[in-house]
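Heads up, the thing below is written out as structure tokens.
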Amino acid sequence: MSSIDAKIRKVKDILDQNLKIPNYQRPYRWEEKHVFQLLEDIFKSWKEGKTAYRIGSLILHEKEGKDEKEKDLEIVDGQQRITTLTLIFLSLDEKRFYNYAEKLHFSHDDSKYTIKRNFVFIKEWLGHEVAQAKVEFLNYLLEACEFVEVKVKKTSEAFQMFDSQNSRGKSLEAYNLLKAYHIRAMESEAETLKVDCDRRWESAIRFYSGEKEPKDILKQLFEEQLYRTRLWSRKEYAYRFSKEVIGEFKGKTIEDENSVDYPYQNTYLLQRLILQNSNLLGSKMKGIKPRFMTRELPNVNPFVSINQPIINGKLFFDFIESYTEIYKQLFIYIDDKSCLGEFKTFYDKYCNYKTNRVGDSYLKELYKSLVMLVFDKYGEEGLNEYYKVLYTIVYRLRVEKFQVKYNAVMKYAADKCLFVIIDESKGFVDLRALNALTMDTVVCRRDEALIIRFLCEQNVKISKHEDLSIDVMKKYKNSIDGTRKSQ
């Protein structure tokens, strides 16, 4: 039987409860534009004389073990609005919420910075908009503003509602729904372990690499290098990652007290045993060749695979952390030539050139996904052998197509079975099918000097399309041959 209780409650009654922000919650990251929109919506409702304004829904997990009046209520969904409302009340100097505000504990430094910034913004907005009517605006907030409050007693029900609520809305990136899902799968694990998984996840969302703005590596990984690679490797068409397809990363929950349901799920069990005991296996098994030749990275499990079965819970977070680190080493730490130096020099020259054409970004992401899969299978050795072959296969589209379109790139990856060839290969000999794709003549419709010169250097057959006025083969081949003679 469900233990869900839903009712409409005034803001003042909600904030009078023992609300807690659980450690696994994402940081408070509302930007000023979100705060502004909430203030403006409430202000408009107040000015229009409406008797009630529905702010949204709030999902609370009712913790067991306390008296009814002292029960802790963990905010599963709605903490961004609740925190913002608390800041509004504090800005209005409503003293009754001082004690409540002191009880709110945020486990992320990002939250504390955002709270300070938004508090200043709210005070400025209130001073400008309701300077002469703060009492009336405060009363409207307390008496007319309300939430649909949903209380649940079971953690699993709380996260099920969280999934349902956010899969239809726009408040979360698709991948962040996966964080909630996999923390839910850790229901029997220690709180400290959940917190650790959450912090690793959030650090990948806001990764600073020497630039002013942080990089969201998880958005990058899920939308480009993980989701589509898994589908393309299964001979399926793959397009944009969204909330509708996050099931790709929802796998099997295996607990010690439970058996697998069907024989095929033995694969999941085997995967869990290998990943959980990777350190022990690594010390006892001979001949394990690491992906990285020049360094050991403790947060990269040598037994993970992009196309592996997904095990729910902590092992999923470990899986994501491994590929977060691999992505950094391949595509972010470009200046560090002590690792993958030959590839990085090439990538920086031939992929990071400045361009305003969106089609170039489609080719770049396809290339990165292929690079990552080859590295996943064969490490540095395989990547050094094939990064130029992959570039030839992908970037020929830049000169063959007058305009590179998204759907055309996605279809090209699937129709040429590029990921299938890599995923199903057992060794370099099986990758010869990739080499064969470089033997086809490139018919140029665009004069792209950097790419055409590279193709000529690789002895790729080149001809010009009737739309192109110059003979690109003659233009670039002769200059390259002349350079070789002078050397």
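Leaving out ligands, DNA and RNA but keeping every protein chain, what accessible area does K289 have, in Å² rounded to the nearest 10, with a 1.4 Å probe? Roll a 1.4 Å probe over it and K289 shows about 150 Å². Annotation: extensible slack from T294 through T253 equals 11.2 nm (criterion: 0.36 nm per residue apart, minus Cα-Cα distance). By its C-alpha gyration tensor, with a ≥ b ≥ c as the square roots of the eigenvalues, how is the stretch 328-422 shaped: rounded for a/c under 1.5, else prolate for a/b larger than b/c, else oblate? Oblate.
Would you list S91, S361 from the most to the least accessible area, probe 1.4 Å? Show your work: numbers first, answer last.
Working: S91 10, S361 50 Å².
The ordering from most to least exposed comes out as S361, S91.
Ordered by 1.4 Å accessible area with all protein chains kept, H61, H128 run largest first as H128, H61. Within a straight-line Cα-Cα reach of under 16 Å, K134 can be paired with the following lysines, leaving aside sequence neighbours fewer than 8 residues apart in one chain: K44, K47, K95, K123. The 1.4 Å probe gives accessible areas that order E129, E244, largest first, as E244, E129.
Scanning residues 5 or more positions from A6 or on other chains, those with amide H under 5 Å from its amide H are K151, with H placed 1.01 Å from N in the peptide plane.
Once backbone amide H atoms are built at 1.01 Å from N, G56 has V148 as its partners under 5 Å, excluding neighbours fewer than 5 places away on the same chain.
Ranking F222, V195, I205 by Cα position along the charge dipole of the stretch 185-232, where only Lys, Arg, Asp and Glu carry charges on their C-beta atoms, puts F222 farthest toward the positive end.
With every protein chain kept in place and ligands, DNA and RNA left out, what is the accessible area per residue of the stretch 339-487? Probe 1.4 Å, answer in Å². Write out the running numbers ahead of the final one.
Numbers: 7040 Å² over 149 residues.
The answer is 47 Å² per residue.
Which entries of K243/K405; K7/K151; K63/K250; K179/K250 show an alpha-carbon separation above 18 angstrom in the structure shown? As for pairs spanning more than 18 Å Cα to Cα, those are K243/K405; K63/K250.
Given a 1.4 Å probe and the protein chains as shown, R291 ends up with an accessible area of around 30 Å².
Considering only protein heavy atoms and a probe of 1.4 Å, how much of the accessible area of the stretch 336-487 is carbon and sulfur, as a whole percent?
Values: 3480 of 7250 Å².
Ligands and nucleic acids excluded, carbon and sulfur reach 48 percent.
Bridging of K50 to lysines at a Cα separation below 17 Å is possible for K10, once same-chain residues fewer than 8 apart are set aside.
Starting from 0.36 nm per residue, how many nanometres of slack lie between Q458 and R432 once their C-alpha separation is accounted for? Walk me through the numbers on the way to the answer.
Numbers: separation 26, 0.36 × 26 = 9.36 nm, distance 1.59 nm.
That works out to 7.8 nm of additional length.
With R₀ set to 51 Å, the beta-carbon distance separating E187 from E400 gives a calculated FRET efficiency near 0.45.
Only protein heavy atoms count here; on that basis, with a 1.4 Å probe, R357 has an accessible area of about 80 Å².
Taking 0.36 nm per residue of separation and subtracting the current Cα-Cα distance, fully stretching the chain between K219 and H34 would add 64.5 nm.
The values are calculated or read from the model by the stated rules, or taken from the named source; none is laboratory data. Since we're looking at a predicted model, the values are computed, not measured. Glycine gets a Cβ as well: all are built from the backbone with ideal geometry, and neighbour counts include every protein chain shown. Surface areas here come from the heavy atoms of the whole protein model, side chains and all, with no ligands, DNA or RNA. Shrake-Rupley method; radii C 1.70, N 1.55, O 1.52, S 1.80 Å.
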